[in-house]
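The values are calculated or read from the model by the stated rules, or taken from the named source; none is laboratory data. Bear in mind that the values here come from a model prediction, so they are computed numbers and not experimental data. With ideal geometry, Cβ positions are generated from the backbone for all residues, glycine too; neighbour counts draw on all protein chains shown. Heads up: the accessible areas ignore ligands, DNA and RNA and are worked out on the full protein's heavy atoms, side chains in. Shrake-Rupley method; radii C 1.70, N 1.55, O 1.52, S 1.80 Å.
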Amino acid sequence: MTSTTKKVLFTLASIALGIYAQIHKMQITGPIFDPILAACSAPHESVEAFVKATGYQPYEPVTGMGIFTPLACVVTQFMYQLRNIYPEGYITWGLAVVGIFPLSLIMTIEGGRNGAKGPLRYPICMGIISQLLGMSVSVPLVWVPAYIWGRGEGPVSSTRLYLSVVTALPACIFSALVFLVDTDSYLWRLCAGILGGPALAVVSGGAVWFDVPPNKESKMAITKHVKASKETYGFMTVMSLVCWAAIVHLTYTLYGFDLKGIWSAIFTDADAGVAFLTIDYILIYIAVVFGFLAYQNWSTAINTLLALPFFGPAALTIAAERLEIAASEKMLEKAKVA
């Protein structure tokens, strides 16, 4: 199979996965969230008037930054539902948040290489698309094809690598507050709105907007890249493992080894929002593995999929780190020869 044929096949598979995710998401969430979207999109004089007319939870309009205000409203209602569904809402949102760690790192790195093209280069746009469509749709439909066809070469700056860790933390902090503070408080309303609005995408993308990739043939730049990669991937792996262990502990405490009961709780008999997050989590990682397969061998992808149930998102950071270091060593060898 030629390189181009391989890319075409995995691009089509990823796009098909994104389309499936969108159709399935609409089937699961449509009956519940369509009325909420209609209510949030309808004109209303004030938040108080909105609450009085609909009975929904009050939201913070500022977090929507104008055009995304209906989305911030919808996500606020979504987070309120999850907060009141214990333990399923806590487990599935925890999975979604932990998934941010490896994805944030991989997306930030790939957007900062020399020669990166298309959506890969614009993390703010990708973040907003993810907010609008959901990551289970945007990753396979937009990001993975962009990764397959627009991937650059060479190292990225150490600043970009370290910022990829820093910019992943706010979503985790606001998520924790949403599940800890009083839902009647302004702080809760603000945090839920921020998770639904474009602010996180703008801040994380803006942080690396002016970053310039180093010379891809510079031995010093490659050496720095290897060191920073090991540190950032290592940190993300530890964070992912800690959070994954907490989720597994909570799940085991309540369900033990009843795998059928767990699947029933988070998908087959679950609330629409919980079922959506479960599918979201699974499809995102399948899509990213498609991206790996377009450039790497089958063993890496299969090992990553097999490791997911045991290590969670950490399996992806471990695989990505190994691939990154191996590629960097090849770059360094080439630079020495030159």
Original post:
If the Cβ limit is 9 Å and pairs must be 6+ apart or interchain, which residue in segment 201-223 that is in contact (Cβ under 8 Å) with a residue 60 or more places away in the chain pairs with which residue that is open to solvent by 30 Å² or more (accessible area, probe 1.4 Å) and of a type in the set (Phe, Trp, Tyr)?
Top reply: Gly205/Tyr122
Original post:
Pick from Pro119, Pro140: which is out of contact with any Ser or Thr (no Cβ under 6 Å at 6 or more places or on another chain) and more than 20 Å from Val248 (Cβ to Cβ)?
Top reply: Pro119
**OP:** With the condition kept exactly as written, say whether any residue in segment 253-267 is of a type in the set (Val, Ile, Thr), within 17 Å of Pro313 (Cα to Cα) and at pLDDT 90 or above.
**Re:** no
**OP:** Could you list, in sequence order, all residues of segment 67-86 that are open to solvent by 50 Å² or more (accessible area, probe 1.4 Å) and more than 27 Å from Ala265 (Cα to Cα)?
**Re:** Ile67
Original post:
Counting residues that are among the aliphatic types (A, V, I, L, M), which helices (runs of 4 or more DSSP H) fully inside segment 88-182 reach at least 3?
Top reply: 88-98, 100-110, 123-133, 144-150, 158-166, 169-178
**OP:** Name the one entry in Gly99, Gly64, Gly89, Gly55 that is over 20 Å from the mean Cα position of the chain (by Cα) and either open to solvent by less than 40 Å² (accessible area, probe 1.4 Å) or not charged (D, E, K, R) (or both).
**Re:** Gly55
**OP:** Give the residues of segment 186-227 that are modelled with pLDDT of 90 or more, within 23 Å of the chain's Cα centre (by Cα) and either surrounded by fewer than 20 Cβ atoms within 10 Å (Cβ to Cβ) or under 14 Å from Arg160 (Cβ atoms) (or both), sorted by residue number.
**Re:** Leu190
**OP:** Considering each of Thr183, Thr232 in turn, give the residue that is touching a residue at least 12 places away in the same chain (Cβ under 8 Å) and under 30 Å from Tyr162 (Cβ atoms).
**Re:** Thr232
**OP:** Can you tell me which residue within segment 12-42, out of those that are over 15 Å from Met135 (Cα atoms) and without any contact (Cβ under 8 Å) to a residue 12 or more places away in the chain, is least open to solvent (accessible area, probe 1.4 Å)?
**Re:** Gly30
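Yes or no, residue by residue, for (1) open to solvent by less than 30 Å² (accessible area, probe 1.4 Å); (2) in contact with a helix residue (DSSP H, G or I) (Cβ under 8 Å, 6 or more places away or on another chain):
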site: Trp263; (1), (2): no, no
site: Asp271; (1), (2): no, yes
site: Ile279; (1), (2): yes, yes
site: Val289; (1), (2): yes, yes
Original post:
Could you count how many residues in segment 2-11 are open to solvent by 80 Å² or more (accessible area, probe 1.4 Å) and either outside any helix (DSSP H, G or I) or touching a Gly at 6+ places or on another chain (Cβ under 9 Å) (or both)?
Top reply: 1
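Residue by residue, here is whether (1) β-branched (Val, Ile, Thr); (2) under 30 Å from Phe50 (Cβ atoms); (3) under 17 Å from the mean Cα position of the chain (by Cα) holds:
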site	(1), (2), (3)
Leu71	no, yes, no
Gln81	no, yes, no
Ile124	yes, yes, yes
Gly127	no, yes, yes
Original post:
Does Pro170 satisfy the condition of being touching a Phe, Trp or Tyr at 6+ places or on another chain (Cβ under 7 Å) and open to solvent by 30 Å² or more (accessible area, probe 1.4 Å)?
Top reply: no
**OP:** Report, by residue number, each residue of segment 43-60 that is polar (S, T, N, Q) and without any contact (Cβ under 8 Å) to a residue 40 or more places away in the chain.
**Re:** Ser46, Thr54
Original post:
Out of segment 110-125, which residues are of a type outside the set (D, E, K, R) and surrounded by fewer than 22 Cβ atoms within 10 Å (Cβ to Cβ)?
Top reply: Asn114, Gly115, Gly118, Pro119, Tyr122, Ile124, Cys125
Original post:
Here is a list of conditions, (1) out of contact with any Cys (no Cβ under 8 Å at 6 or more places or on another chain); (2) modelled with pLDDT under 90; (3) β-branched (Val, Ile, Thr); (4) within 22 Å of Phe174 (Cβ to Cβ), and Val144 meets all of them except one; can you say which number that is?
Top reply: (4)
